[in-house]
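Derivation of every value follows stated rules applied to the coordinates shown; laboratory data play no part. Since the structure is predicted, the reported quantities are computational estimates derived from the model, not experimental observations. All Cβ positions, glycine included, derive from the backbone under ideal geometry; neighbour counts span all protein chains shown.
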Amino acid sequence: MFAELNELLDASPQRPETGKFTLLRDTRTDGSFLVHHFLSFYLRAGCKVCFVALLQSFSHYNIIAQKLGVSLTAAKERGQLVFLEGLKSCLDLLFGEEEEQSGQPSPLQFIREVSASNLKALFDFVRTSLTPTGSDSWKSPVLLVDDLSVLLSLGATPVAVLDFIHYCRVAVCSQLKLGAHCCLVLLFQGNIVVLVHSNEDSEDEENELVVNSLCHHSDLILWVEGLATGFCKDVHGQIKIIRRLSLELAAEQDRVQIYQYKIQDKNVTFFARGLSAAVL
Amino acid sequence: LVFTEEDKYGLYSNLLFKYFLAEGVVCGHDLFVASAKEHPDNILKELPAPLLDDIYRSELGEETAAVKTEDFQDSMKIAWRYQNLPKMEASPTTSTKFGHYYDVSKTMSPELFQSIKWHSFYLPEELSLQPKMKTCNMNSAYTRLLQSIQRIIYQEGFDGSDPQKKKKNILRIGIQSLGSVLWGDDICSSDTPEDIHSLTKFLYVLRGLLRKSLSACIITVPTHLIQNKAIMERVTNLSDTVVGLESFIGSERETNPLYKDYHGLVHVHQIPRLNSLICDVSDTKDLAFRLKRKLFTIE
């Protein structure tokens with residue numbers, strides 16, 4: 001995780017927030033460094049993490065996580081991390097032997113359908129992964145998705161994708177249970193972090209629909225953009241941190257902060273606009 | 001996964017395609033060539049001949065004598081690494097070179113092919129076979145192609161699944177003009193294609209195959225024909241490297257004095273960020289190419 005980003009977000013692995021939906025959005029650049037940040041952050045915080053990694057291999061995330069001081073292999077072994085490697089899962093689905101799994105449909109089952117109107121198998125996978133078992137001692141569950149836009153490329157409809165997120169929110173962010181004496185007990189409030197791509201003047205209407213809808217329902221939006229002036233060696237882009245205070249309190253306005261950043265081998269530094277170290 | 005946007009007539013992207021394959025032959029890699037319009041045997045007969053060091057130096061001497069003094073201060077680098085343009089005074093040595101040089105006026109001699117193994121996929125010859133891959137509502141040509149690639153990767157041991165067949169070699173896959181009508185896809189012929197997911201599903205599965213094996217792939221796509229830009233955005237996200245070639249043929253740039261020494265522009269749309277937070281971005285972003293009698297160069 002990146003210490004400077006934690007400062008900007010006023011976040012700490014010692015006291016992770018709960019019940020939050022964070023949207024990571026990138027435009028004209030690669031925002032995946034934020035995914036690596038949150039992955040290592042929540043693992044350090046002791047949360048149980050379900051990572052739906054659709055675009056890269058496990059070893060890619062593992063190598064980077066190690067640079068950030070976290071071992072994904074170890075996290076998997078101790079049951080803290082459930083990792084869905086989308087690319088591998090897709091190959092197993094299409095080239096695998098018949099009925100290898102014990103009757104459980106593949107999470108990416110929808111790829112085989114003519115018109116994928118629901119992502120139920122994927123949701124079931126997430127729910128099962130994050131339901132606490134008796135021996136679990138992890139803190140709140142976390143769902144991390146990299147990246148959601150890929151689901152559209154694989155044939156899911158925008159409505160199916162939004163439904164999937166909605167179901168996940170209900171299951172992960174606010175799980176109610178009928179406790180003793182028939183009172184509803186708030187079991188655990190987990191967090192969801194999702195990455196989507198978006199381009200300005202994008203002609204991908206389905207993607208824009210998903211992104212805009214998610215923006216409306218997010219508690220926190222981290223919007224990473226490439227510089228409008230083009231490539232620069234010392235400033236790799238700009239990050240807009242949008243706290244959706246308007247969701248919590250009717251009269252509140254969203255709080256927006258803008259910083260610039262530079263990505264290094266093991267860290268990302270953030271600074272106020274125009275105050276990159278190269279300039280000062 | 002290197003995604004190349006074809007120039008309008010496919011001349012230069014075809015050249016890049018052949019360079020990729022030629023480099024494979026010279027490095028001793030296995031090749032897999034797929035095409036729906038040209039038989040792979042013919043493609044392989046037209047690979048450029050590699051230049052050996054001493055021949056190269058004299059060739060370069062000829063070429064540079066004819067060229068006006070240009071500014072070579074920054075080391076020029078292109079995203080698809082197979083060629084480095086050296087500074088004028090130094091000549092490259094094999095130990096520091098990455099990639100090889102080719103003479104496009106000569107074709108590669110058949111002897112060079114003897115040492116490597118190559119596989120081909122020519123769509124018209126593959127239509128009779130039944131794919132064993134499970135259906136996923138994908139265009140049948142793509143399905144067959146994926147089936148074929150997967151079979152070679154598995155049988156030749158590029159995925160390391162069979163410890164006895166484990167290979168330490170690389171499979172270079174080249175797919176020509178993907179998405180064109182010849183592959184049975186209508187994204188190039190209609191702005192509301194019937195099946196907008198076939199190409200992206202294909203790329204996703206291909207990406208999976210590449211990630212789990214020792215292989216690299218170049219595909220060329222006639223993007224100038226694709227009306228639906230949403231597909232192009234999705235394809236870009238699914239590829240690692242995206243390079244576009246824009247030739248000046250028939251465009252107004254042909255007569256622009258700024259470009260008079262060049263045949264077209266190279267647009268590097270995306271480069272990969274793999275296994276690392278950082279990526280290898282070059283300082284030079286405005287690149288143009290030219291095809292001289294013997295050399296294809298990017299500056």
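Quick notes on this one:
- Test item: A:206-217 mean partner chain Cβ contacts at 10 Å: 1
- Per residue of B:199-212, other chain Cβ atoms within 10 Å of the residue Cβ number 5 on average.
- Spin-label model distance (nm) - A:L249 vs B:K260, 7 Å beyond Cα toward Cβ: 6.8 nm
- Cα radius of gyration and Dmax for the stretch B:129-193 (Å): 15.1, 49
- Multiplying the residue separation of A:N212 and A:E77 by 0.36 nm and subtracting their alpha-carbon distance yields 44.9 nm.
- Per-pair calculated FRET efficiency, R0 = 25 Å: B:S190 and A:V114 via Cβ, rounded to 0.05: 0.80
- A Förster distance of 35 Å, applied to the separation of the beta-carbon atoms of A:R169 and A:R28, puts the FRET efficiency at 0.80.
- Note on B:270-279: average number of Cβ atoms from other chains within 10 Å of each residue's Cβ is 6.
- Burial order of peptide ranges A:136-142, A:151-157 (average beta-carbon count within 10 Å, highest first): A:151-157, A:136-142
- By average C-beta atoms within 10 angstrom, highest first, the peptides B:145-151, A:195-201: B:145-151, A:195-201
- When chain A is treated as a Gaussian network with alpha carbon springs shorter than 10 Å, the biggest mean-square fluctuation among A:A160, A:A65, A:A11 belongs to A:A11.
- The stretch B:187-296: C-alpha gyration tensor shape, a/c 1.5 cut-off, then a/b vs b/c: oblate
- For the stretch A:1-116, taking the reciprocal of the average inverse distance between every pair of different Cα atoms yields a Kirkwood hydrodynamic radius of 16.1 Å.
- When the inverse distances between all different Cα atoms of the stretch A:217-277 are averaged and flipped, the Kirkwood radius reads 12.8 angstrom.
- Secondary-structure-derived ellipticity at 222 nm for chain A, considering helices only, amounts to -9000 deg cm²/dmol, per-run term -39500 (n - 2.57) for DSSP H runs with n ≥ 4.
- Per-residue Cβ neighbour counts within 10 Å put B:M108, A:M1 in the sequence B:M108, A:M1, beginning with the fewest.
- Normalised by residue number, the volume inside the convex hull of the Cα atoms of chain A is 163 Å³ per residue.
- Peptides B:171-181, A:258-268 ordered by packing proxy, namely the average of other Cβ atoms within 10 Å per residue, highest first: B:171-181, A:258-268.
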